[in-house]
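The values are calculated or read from the model by the stated rules, or taken from the named source; none is laboratory data. What you see is a predicted model, and the numbers here were worked out from it, not measured in a lab. All Cβ positions, even for glycine, are placed from backbone atoms using ideal geometry, and neighbour counts span all protein chains on display. For the accessible areas, the whole protein counts, side chains as well, though only heavy atoms, and no ligand, DNA or RNA atoms are used. Shrake-Rupley method; radii C 1.70, N 1.55, O 1.52, S 1.80 Å.
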Amino acid sequence: MALVVSAGLLVSGCAGAAVRVERGWLPTDRNTTNQTSRIMTMWNGSWIAALAVGVLVWGLTLWCVVAYRRRRGEQGLPLQVRYNLPLEILYTVVPLIMVAVLFYFTARDQVAIAATNVKPDVTIDVVAKQWSWDFNYVNENVYDGGVMAELTGAPGVEREAPTLYLPVNQRVQFNLTSRDVIHSFWIPAFRFKRDMIPGTPGSFRVDVADVAGYYPNSGVCAEFCGLDHSSMRFSVRILPPDEFEQWLIDEQEAQS
Ligand code: CUA
């Protein structure tokens with residue numbers, strides 16, 4: 001009971017925060033970017049398919065346990081079936097079909113997210129490093145070399161995490177590289193992450209929806225990369241296009 005009460009306090013305390021941080025295994029917000037709905041449809045579809053397979057397997061298991069249980073007076077081993085060709089074909093082909101279906105939908109959606117057929121409005125080179133992020137707007141000559149956020153837990157003493165600036169309703173291309181070890185770029189609200197492998201650049205594109213705001217510590221590194229992996233965070237500030245343009249101009253002046 002004490003646990004329930006404290007959990008309730010925790011939940012209500014979090015609900016008062018300015019930014020909703022989603023926790024748990026069932027995300028609900030489909031419209032953070034133009035890709036999130038697609039990703040969540042695949043996520044939900046995979047769960048439904050896995051559950052259907054699970055119910056079938058559990059059902060068959062239970063049926064075997066009940067139907068073929070040892071009866072009173074039975075002795076020795078039951079009939080041992082070996083080298084039954086139809087059975088062996090069945091349990092080779094059925095998993096192959098399941099893997100092929102999952103592979104098809106994953107590949108289809110990955111290709112769509114990584115598609116580079118339309119010119120992006122903004123290109124951001126993201127460089128991961130132990131244990132922070134650089135956000136470089138190379139076309140605009142704006143560079144932001146981040147320092148590690150110190151997440152001490154005490155308010156007022158943490159160093160601010162680097163901030164990724166994004167415009168709403170524009171096509172943003174992220175070019176991802178790493179300066180040292182493997183990291184992974186993840187904004188959980190985008191429902192998408194991509195590994196950042198040294199020497200192997202990756203990229204993806206999103207149109208950020210009309211969700212202007214400041215989201216502190218809403219981006220994380222999702223690949224264990226050393227001692228301070230857990231501090232490898234960044235904040236996201238999403239601006240209307242005109243304010244974003246103004247921010248770029250201000251930064252150009254400040255950095256020149
Ligand atoms: Cu970078 Cu974990």
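Among residues of the stretch 42-60 that are over 13 Å from MET98 (Cα atoms), those with a beta-carbon under 8 Å from a residue that is open to solvent by 50 Å² or more (accessible area, probe 1.4 Å) and part of a helix (DSSP H, G or I) at least six positions away or on a different chain give the pairs MET42/PHE105; MET42/THR106. Within the stretch 173-180, one or more residues are in a loop (DSSP other than H, G, I, E, B), within 16 Å of the ligand (Cβ to nearest atom) and at pLDDT 90 or above. Listed by first and then second residue, the pairs with beta-carbon distance under 6 Å, at least 6 apart or on different chains, first residue in the stretch 80-92 and open to solvent by 100 Å² or more (accessible area, probe 1.4 Å), second hydroxyl-bearing (Ser, Thr, Tyr), form an empty list.
Just one of (1) within 16 Å of the ligand (Cβ to nearest atom); (2) closer than 23 Å to ASN141 by Cα; (3) out of contact with any strand residue (DSSP E or B) (no Cβ under 7 Å at 6 or more places or on another chain) trips up GLU253, so point out which. Result: GLU253 passes all but (1). Search the stretch 183-219 for residues being farther than 18 Å from ASN34 by Cβ and aliphatic (A, V, I, L, M), and hand back the single one that is most open to solvent (accessible area, probe 1.4 Å). So, considering only residues that are farther than 18 Å from ASN34 by Cβ and aliphatic (A, V, I, L, M), the one most open to solvent (accessible area, probe 1.4 Å) is ILE197.
Among the residues in the stretch 64-71, are any assigned to a helix (DSSP H, G or I) and surrounded by 10 or more Cβ atoms within 10 Å (Cβ to Cβ)?
So far as the stretch 64-71 goes, yes, one or more of its residues are assigned to a helix (DSSP H, G or I) and surrounded by 10 or more Cβ atoms within 10 Å (Cβ to Cβ).
Summed over the stretch 199-233, the residues that are assigned to a loop (DSSP other than H, G, I, E, B) and more than 12 Å from the ligand (Cβ to nearest atom) give a count of 6.
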